[in-house]
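Read-outs: derived from the displayed coordinates by stated rules, not from any lab. Just so it is clear, the model here is predicted, and its values are computed rather than measured. Cβ placement follows ideal geometry from the backbone for every residue including glycine, while neighbour counts extend to all protein chains displayed.
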Amino acid sequence: MSLQLVKQVPSAQEIKDKYPVSKELQEVKARRDEEIKKVFLGESDKFLAIIGPCSADNEDSVCDYVNRLAKVQEQVKDKLILIPRIYTNKPRTTGEGYKGMLHQPDPEKASDLYDGIIAIRQMHIRAMAETHLTAADEMLYPENWQYMDDILSYVAIGARSVENQQHRLVSSGIDIPVGMKNPTSGDLSVMINSCIAAQGKHTFLFSGYETKTSGNPLAHCILRGALNKHGQSIPNYHYEDLVLLKQLYDKTNLANHAIIVDANHTNSAKHWEEQPRIVKEVLHSMRHSEDIKALVKGVMIESYIEDGCQKIGEGCYGKSITDPCLGWEKSEKLLLEMAELL
């Protein structure tokens with residue numbers, strides 16, 4: 001038989017009971033969620049920086065990174081809200097390569113999804129406990145949301161998942177901001193339709209239950225660039241792109257209009273060192289137009305302790321084993337510059 005059920009994984013509630021979030025951290029998350037929510041609803045003029053490694057591959061280096069981020073957060077708290085990227089699922093276009101800590105808690109060992117669920121939950125809780133910063137993660141597998149819904153303050157839906165019905169409907173039942181990336185083709189209507197679906201109410205089959213959702217008014221668009229038919233990168237962070245997306249938003253009945261700009265991926269053509277320039281161009285567009293300023297709520301930045309990337313097993317501490325990232329010194333400088341420019 002081609003499809004084999006290997007072993008049953010404990011339910012989300014069983015995992016939560018075994019690895020709980022303390023009362024103190026529940027209160028931390030509630031405060032952070034409210035602060036971030038106000039940005040998307042236009043009740044706060046703070047700017048979001050969703051920043052961190054392409055993929056979280058090692059608990060110690062990830063928590064080291066988030067602790068560094070927490071010190072910067074204190075310096076920029078009047079202007080910026082820093083949301084650590086602790087991405088534990090890594091989409092792979094061909095299905096090959098490292099799929100993230102959920103699959104492989106140790107990148108040099110075989111997959112173990114049971115140990116992976118425990119590892120990612122423990123890492124998120126540790127980072128929150130040490131820094132009081134709650135994180136973002138990608139919802140690559142909608143059923144896994146139940147294992148993390150008491151921890152995260154931001155969820156991203158990737159470019160390869162944004163057209164999937166289950167991702168859209170589960171997003172409509174999430175109580176924190178969910179960012180819908182434009183697909184790799186760059187079709188903005190796909191992204192807009194995902195936001196419409198996520199902001200709406202639905203009934204569907206989920207995790208063995210007939211499920212109802214009330215809609216997520218915090219669902220929004222993420223511009224991450226695109227690829228043309230020749231596989232060449234097409235950025236979509238420029239002023240004209242932001243104006244176009246505003247025009248598309250205005251044609252809908254969506255309750256909330258918001259944009260996050262991803263400074264890496266095909267917006268930078270994966271030239272990680274271009275991220276500071278791209279972020280500054282977005283901030284310039286916001287200064288040029290009050291409409292754009294009201295629409296753009298933040299940026300995404302791929303950043304780690306060391307510049308660039310490495311292959312699995314090369315052993316450089318705090319260096320990405322997937323897409324290359326901006327190193328810490330450059331990242332810290334960028335965040336301080338952003339606070340000055342806002």
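Measuring between their Cα centroids, the range 97-114 and the range 33-76 lie 25 Å from each other.
Think of each Lys and Arg Cβ as +1 and each Asp and Glu Cβ as -1; about the Cα centre, that makes the dipole of the range 197-273 roughly 200 debye. With the charge dipole of the range 193-263 set up from +1 on Lys and Arg Cβ and -1 on Asp and Glu Cβ about the Cα centre, the Cα lying farthest toward the positive end among the listed residues N256, A198, T211 is that of T211. The mean sequence separation of alpha-carbon pairs under 8 Å and at least six residues apart, normalised by the residue count of the chain, gives a relative contact order of 16 percent.
Taking a straight Cα-Cα cut-off under 30 Å and skipping sequence neighbours fewer than 8 places away in the same chain, the lysines within cross-link reach of K109 are K7, K16, K18, K90, K99, K270, K311, K319. Counting neighbouring Cβ atoms within 10 Å and putting the fewest first, the residues M139, M180 line up as M139, M180. Placing +1 on each Lys and Arg Cβ and -1 on each Asp and Glu Cβ, with no other charges, gives the range 12-341 a dipole about its Cα centre of roughly 620 debye. Residues whose amide H falls under 5 Å from that of C309, counting only those 5 or more places apart or on a different chain, are C325, with hydrogens built in the peptide plane. Rounded to two decimals, what is the ratio between the C-alpha radius of gyration of the range 12-341 and 2.2 N^0.38 Å? In units of the globular-protein estimate, the range 12-341 measures up at 0.92.
Placing a label point 7 Å from the Cα of K77 along the Cα-to-Cβ direction, the residues of the range 102-144 whose backbone N falls under 15 Å of that point are 131-134.
A Förster radius of 51 Å combined with the Cβ-Cβ distance from K212 to L248 puts the calculated FRET efficiency at roughly 0.95.
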